[in-house]
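Single-structure report; data block below.
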Amino acid sequence: MYAALLSRKDVRQRPEMSLARPIVVLARMASLSLAAFAQCRAPREDTVWVAECPSGRPLGLNVFLADSLVYHTSLQVCKRERTAIPQRQWHFSFTSTKALQWANDSTVPGEAISGDIWQAGGDSDALLLGVTMFAHNQILVNSIHVSSAQRASVTPIDAMLVVRTTP
């Protein structure tokens with residue numbers, strides 16, 4: 001009698017159907033859930049802090065070498081769409097009276113050292129400034145300063161060089 005039950009066609013197919021059916025049902029539920037989520041999600045504006053806004057708030061940018069100011073400028077910052085980040089650089093140079101040891105090179109006393117600062121990116125609560133220092137046709141250091149429009153931010157770069165921004 002037990003052998004007769006096992007030979008029945010509907011008993012043999014039931015285990016196969018019990019696995020296939022829930023998988024199909026789950027797959028359909030998942031695809032419907034994702035489609036509903038995509039339709040209900042409102043498009044979010046991607047606004048970030050950017051430099052160089054005509055009517056923005058001032059942000060002081062200072063570069064110090066061993067507690068001596070070597071560069072200062074004031075940026076006007078505001079929030080804009082991420083696609084509106086300006087491509088602008090601020091160039092500066094100075095001459096150190098001391099030899100400086102950088103991460104991958106060194107400079108001698110009296111050697112001209114140049115710097116570039118640019119907007120490397122933005123976030124909803126930060127302005128990312130790229131900082132590159134170079135001398136004798138070689139990059140000495142390349143770094144990022146994370147700046148806030150609401151509070152002072154300080155980033156040690158290298159070889160006694162510090163970038164500080166203040167609202």
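Here are the numbers:
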item: Amide H contacts under 5 Å for D158, placed H, 5+ residues apart; result: none
item: Sequence-distant residues sharing a close amide H with Y71 (under 5 Å, placed H); result: V63
item: Chain lengthening between K79 and M160 when straightened (0.36 nm per residue, less Cα-Cα); result: 26.0 nm
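Throughout, read-outs are computed from the coordinates displayed, never taken from laboratory work. The shown structure was predicted, so the numbers you read here are calculated from the model rather than taken from an experiment.
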